[in-house]
Amino acid sequence: MEPPVLPALPKYSDLSPHQFAFLEERFRTREDLLLRSPHLLAALTKRCADLDDDLRALGRNIAGRAVSWISRSFAARTSLHSVTLKLENLSLRTFPQGLRSKMLGEELPQLAKQLRQIEDIRHYIETILRLEALIGDLEDVVFCTTSRHSGAMFAAKFSNSSIATESEPNQEKLLQAMKFMNNIEEVLISIVTFQPQWCNLLKCVDTRVDKILGVLRPQVLAEHRALLVSLGWPPKLLTSKTESAQISGLPNPLVLMQDNKRECYSHSFVALCALQHLHKRREERQLNILGRKEYSMQLWAIDELVSPIASRMEYHFSKWADQPEFMFALVYKITRDFIAGVDDVLQPLIDKARLVSCSAKEAWVSGMIQMLSGFLAKRILSRLAERYKEKHSKSEVMTSWLHLIDLIVSFDKRMQSLVNLETCLFLVGSERFEGFSRGISVLMIFVDRPDWLKLWAKIELKDACKKLKAELKDERAWKIDNKTGPALHINTDIDQYLLSTREEHKAPFIAEFTLKIAWQLIERCQTMPATFPRLQFIRSAVVKFLWYFFEVLLLRFKRTEFSPDNSDDDALVRLCGLINAARFVESKLQEWSDDVDILEMRIAENDSNLHNKEESIDSSCFFGEEIANLSELETNWLMEIISFILREFENLSWEYVQNKERFEQQQEQGTLAPATMDLVVSSDFVEALDILRSQLHVLKTNLNPKDFLDLWRSVAEGLDHFISCTTLTNEFQFSESGVSQFETDMQALFFIFQPFCARPQAFFPCIKETLKLLQMNKEGIKHLQVVLSTGKNGIKCLHPCGISHLPFDQVDTFLRNRKFKT
């Protein structure tokens, strides 16, 4: 048995003058120290005992007098209340109106105020007495618990059943102490709620209870740990080959407990849970967060199971610093082998302790993950972060870092599957990782280390750009996989404009490859517990990667040259691929923005004003800025195609629109009338029509249906404006044969747009109206001169047969930036 440890003597400089004088008076020589010490110690001990007796007597006297004073205050309050009523009745009968009003207005409120003060004092004293009684009882119970049985509160040794019987009084005392502390906490919560001005009383009580907990909690934990050791915890982590051949899994001591051991462990577990519950209530009150329900997966009792396993695992982890996959495999195996026993044995004890929303499974898995996270942060990630600063080792560090993240993501999914195996059996996809499971992740390392999170995003961005560059080296990445075929036919089904897949958008393979990388980056951070770190990672890695892809699209457009000499329409095909890629990426970003997780991040981002966007951009869309940029690129590139088609058509048809003689020349005598002969398209108009048809065919084949619809309508509008304005500006004088020829040429133009709509002439309102006017004046008129004049409500066309009126809404393009002769 070890000798008792004597307390250390105070330093000479720490003694007060009174203490120094006391020692000088009684111990002048060494003989005085040897002879007088025992007698002085006995005298001082007796004096301290007498003082303690006097102090307790004084406390009882004060308590008795306080109770007596309170009882008299009750009687005084009753008497004052009775006197007040009698005075009020008397004043109403005898006093004049003015004096009665003075009493009611001045004296009675003062009297009521004094009564309220007396009531407050009485309530304060009652609360103090109640707390003093509870704390006194608590101190007595804790003193008895700690001094009576220094060795086995929960009978850690099981040599016989008598030891377990002897531990029952201690267990009862501990539960009684918990009851007293809960009662104290109820009183303190009531004070915080209704009497917050009593802050000094709260501080005083908290100080005394903290001292008690400082003694009680270490003892309960020590006894619980000793009990675990006696149960054989922790078990062997790795079995030998012969043992592994006979045993399929690791033996679980919790499952193998006998009756006495199980009973003692149950009492210890419930006591530790009760102590944690009390600690949590005190923290909530002290942090003034009453009413907020915050879920925590950590349980002290289960942490005590994890802690000894962690100390054994560190030995193996230190050997696997360069092979982290072994660490994840070992942690997963131990977690999986023990999770069934933990759930079967400990969950009923948690329910018995009445801990709401606590799961033994989740606490066990969370504890194992935290243990692994701590080792990775201390030994692996910190070393990689330091090595990344060295230029010559960056490439190696990036490879190791990405490999470690791959292991973490895979490990998180496997661990979450252990928890969600029963609770989320009917959920699919990302829904399985909602709720409590999101907190079960090794990625919690990056929540407390924003510098590592920034480094991780940087490494992921570099790796993603590297993959994209490698894919771009193959020109086949821009190939458009058009499975629908180039058939040109009328399709009035609206489903052709509801695009979802890459094939429907006719997007190149590189667009799908880019979105795949971006979505993989988003999924890699999905199990991160906190919202803002996930938001920061996506903004730093995913969004920057998307902008890099936008720059690739823009650079490819700048390298595309439109030339009339390019007979194979390669430039149009390249530009269609860019538009399709932008449209496909835009639709997917819009779809991602509607995801619940991303919507949650966008709401948090709006509340914190972390990401400032332009006012014109939708604040509810997470990728609003990127979608707006893609939409602008699509519009600009469509306008480039439209401008190119119209310019080329204008160049090829310039001789046609300038040849006035063709339309003004009268039909020669002896030839058939125009109505009885089949006219052919003008020779100098055929090439323009043929090139236009070929270009629209290429665009129909390679451009997505939604953008092609806008394109051919815009081309039709431009051609309508060009032909009509040119004809009117040149002041054509149409002959009868000229009218027929012009009508034939325009019908050929309409026929080119026939595959895209049922009535193409509806998209040429100006040409249609011109043909209508020419047809009206065709019979009996050899020469027709069309002269335009503007009025209040439209355009007046003057001709020999009379005046025809054309509304403004039909010839808006005629008047745009034009001046006509009247």
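The values are calculated or read from the model by the stated rules, or taken from the named source; none is laboratory data. Everything numeric in this text was worked out from a predicted model, so none of it was measured. Cβ atoms come from the backbone with ideal geometry, glycine included; neighbour counts cover every protein chain shown. Side chains included, ligands, DNA and RNA excluded: accessible areas come from the protein's heavy atoms. Shrake-Rupley method; radii C 1.70, N 1.55, O 1.52, S 1.80 Å.
Does Asp343 satisfy being outside any helix (DSSP H, G or I) and among the acidic types (Asp, Glu)? So Asp343 fails the test.
Among residues of the range 340-361 being open to solvent by less than 40 Å² (accessible area, probe 1.4 Å) and touching a Phe, Trp or Tyr at 6+ places or on another chain (Cβ under 6 Å), the one that is farthest from Val447 (Cα to Cα) is Leu349.
Summed over the range 439-457, residues that are part of a helix (DSSP H, G or I) and either aliphatic (A, V, I, L, M) or surrounded by fewer than 16 Cβ atoms within 10 Å (Cβ to Cβ) (or both) total 12. On inspection, Ser724 does not qualify as among the polar types (S, T, N, Q), outside any loop (DSSP other than H, G, I, E, B) and modelled with pLDDT of 90 or more. Restricting the search to the range 309-323, which residues are open to solvent by 10 Å² or more (accessible area, probe 1.4 Å), under 16 Å from Gly374 (Cα atoms) and either in contact with a Lys or Arg (Cβ under 7 Å, 6 or more places away or on another chain) or assigned to a helix (DSSP H, G or I) (or both)? Selection gives Ala310, Ser311, Arg312, Glu314, Tyr315, His316, Ser318, Ala321. Screening the candidates Ser724, Ser714, Ser737 for the property of being hydroxyl-bearing (Ser, Thr, Tyr) and within 52 Å of the chain's Cα centre (by Cα) yields one hit, Ser714.
Within the range 616-658, the set of residues being open to solvent by 10 Å² or more (accessible area, probe 1.4 Å) and among the polar types (S, T, N, Q) comprises Ser616, Ser619, Ser620, Asn629, Ser631, Thr635, Asn636, Ser643, Asn651, Gln658. A residue that is part of a helix (DSSP H, G or I), touching a Ser or Thr at 6+ places or on another chain (Cβ under 6 Å) and under 30 Å from Cys264 (Cβ atoms) can be found somewhere in the range 366-373. With respect to (1) at pLDDT 90 or above; (2) in contact with a helix residue (DSSP H, G or I) (Cβ under 7 Å, 6 or more places away or on another chain), the lone exception for Pro348 is condition (2). Cβ-Cβ distances below 8 Å connect the following pairs, each with a first residue in the range 265-280 that is open to solvent by 10 Å² or more (accessible area, probe 1.4 Å), a second residue that is of a type in the set (A, V, I, L, M) and in a helix (DSSP H, G or I), and a separation of six or more residues or different chains: Ser266/Leu349; Val270/Leu349; Ala274/Leu175; Ala274/Met178; Gln276/Ala301; His279/Leu213. Taking first residues from the range 326-343 that are over 18 Å from Glu314 (Cβ atoms) and acidic (Asp, Glu) and partners that are open to solvent by less than 10 Å² (accessible area, probe 1.4 Å) and part of a helix (DSSP H, G or I), the Cβ contacts under 6 Å between residues at least 6 apart in sequence or on separate chains come to Asp343/Ala360. Contact annotation: no residue pair with Cβ atoms under 8 Å, 6 or more positions apart or on different chains, pairs a residue in the range 43-63 that is touching a residue at least 24 places away in the same chain (Cβ under 8 Å) with a partner that is basic (Lys, Arg) and surrounded by 10 or more Cβ atoms within 10 Å (Cβ to Cβ).
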